Every structure is written in structure tokens, then in C-alpha cells.
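First up is the structure itself, then whatever we jot down about it.
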Amino acid sequence: MIRPGDAALAIAVASFWRGTWYVLDSVVYPDDVVKSSAVCGIGGISTVATASYALSSSAVNTPGVRFYLGAYALAIGSVATWRGVWTAWDAAFEAYNASLSPKDRISDARVHAVSGVCSHALAAGALVSGGAFAATFAPPVSMTRQHDATVAAERKMAERMTWLLRRVRV
């Protein structure tokens, strides 16, 4: 069920991603798409791994400054990872297209469409065969880390209700 605040939340998340993406475009090798892709991809994955490890500590898993710093690093790492992969696809496909003879090249208007179909089909096949297609519903980080106060409170309430219902039925 969609809650009233879900649309606002979706807009805020999309805005965070857009802003982060554009800042990365501006500061991470803006004139070299290959270096930018590599730094964002490798740096993003490293940041996600490090922040996930740091946040796995129960002392950090409750909302507070350390939690939000770790969650912020995780969010930046997630956007950087996506950007690294995304721009690598673009760079690889544009390089391939440029290597073709002029008569065989895909028009600039169609490069993104053909590249999109290729990455979509390959990724969908890999995700379905790996049993992980549900990961397409949200950034990969949300599959393992969604622990701010609201989620933690909802989980605690569900645990209490389960405990109570077991006691009442006895």
C-alpha cells in the first residue's frame, strides 16, 4: 500500500541521486569519461563495502551522528557505483560505434537506445538467472541496509505484536 508521504520520499531520493550524480560529473575527471567511470565504479563499490561493514556494528545501527555519517557514505557510494557502471556502458558503446566504418555507425540519436537495449537485456538475463530480479526495484544498498529509525521502529513493533499474539493464543 502506498502511504501519503511515499511520493514526497520518492522525489527527495531522486533529487538526492540527481544532485550527487551531477556533482560527480563535475569533479571526478570531468574531461575523461573512462577515468571518471573507473574511479566512480571502484570508489563507489569500495565505499559501499566499507560503509556497510562499519554500519553492521550494533552500536552504529541506531540513529545518531555515526549512523547518519555511515548512511550518507553508503548513499554516495551507491550513486557513485551506478554512475561508474552507467558511464562505462556509454563510453564502451560510443567507442565501439566510433570504431565502425562511417556507413555502419549508428546515428547519435540511436546510440543511447541501442546501448540501452543491450545493457537492459544482458542485465535482465543475468538478474533473472541469478534469482535477483527484485533488486531492480531499488538501489542494491536497500536490499541489505534500510535501518533508520522508522524501519527499526516498525520492525520492533512487529516483533512485539508477534510476541503478544503468541501469548494470547495460548
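Is it the case, given these coordinates, that Ser36 is polar (S, T, N, Q) and either under 15 Å from the mean Cα position of the chain (by Cα) or open to solvent by 60 Å² or more (accessible area, probe 1.4 Å) (or both)? It is false that Ser36 is polar (S, T, N, Q) and either under 15 Å from the mean Cα position of the chain (by Cα) or open to solvent by 60 Å² or more (accessible area, probe 1.4 Å) (or both). Residue count for segment 90-130 satisfying the condition of being assigned to a helix (DSSP H, G or I) and either open to solvent by less than 90 Å² (accessible area, probe 1.4 Å) or among the small types (Gly, Ala, Ser) (or both): 23. Inside segment 32-56, residues that are closer than 16 Å to Ala92 by Cα and free of Cβ contacts under 8 Å to residues at least 24 places away in the same chain make up a count of 2. Hey, any hits in segment 60-67 for a residue that's open to solvent by less than 30 Å² (accessible area, probe 1.4 Å) and among the aromatic types (Phe, Trp, Tyr)? Checked against the condition, which is being open to solvent by less than 30 Å² (accessible area, probe 1.4 Å) and among the aromatic types (Phe, Trp, Tyr), segment 60-67 yields at least one hit. Restricting attention to segment 4-33, the residues that are of a type in the set (Ser, Thr, Tyr), surrounded by fewer than 17 Cβ atoms within 10 Å (Cβ to Cβ) and part of a helix (DSSP H, G or I) total 3. Scanning segment 9-24 for residues that are within 15 Å of Thr87 (Cα to Cα) and free of Cβ contacts under 8 Å to residues at least 40 places away in the same chain yields a total of 3.
The values are calculated or read from the model by the stated rules, or taken from the named source; none is laboratory data. Bear in mind the structure is a predicted one, so any value in this text is a computation, not a measurement. Methodologically, a virtual Cβ is constructed for each residue, glycine included, from the backbone with ideal geometry; neighbour enumeration extends over all protein chains shown. Just the protein is used for accessible areas: all its heavy atoms, side chains included, with ligands, DNA and RNA removed. Shrake-Rupley method; radii C 1.70, N 1.55, O 1.52, S 1.80 Å.
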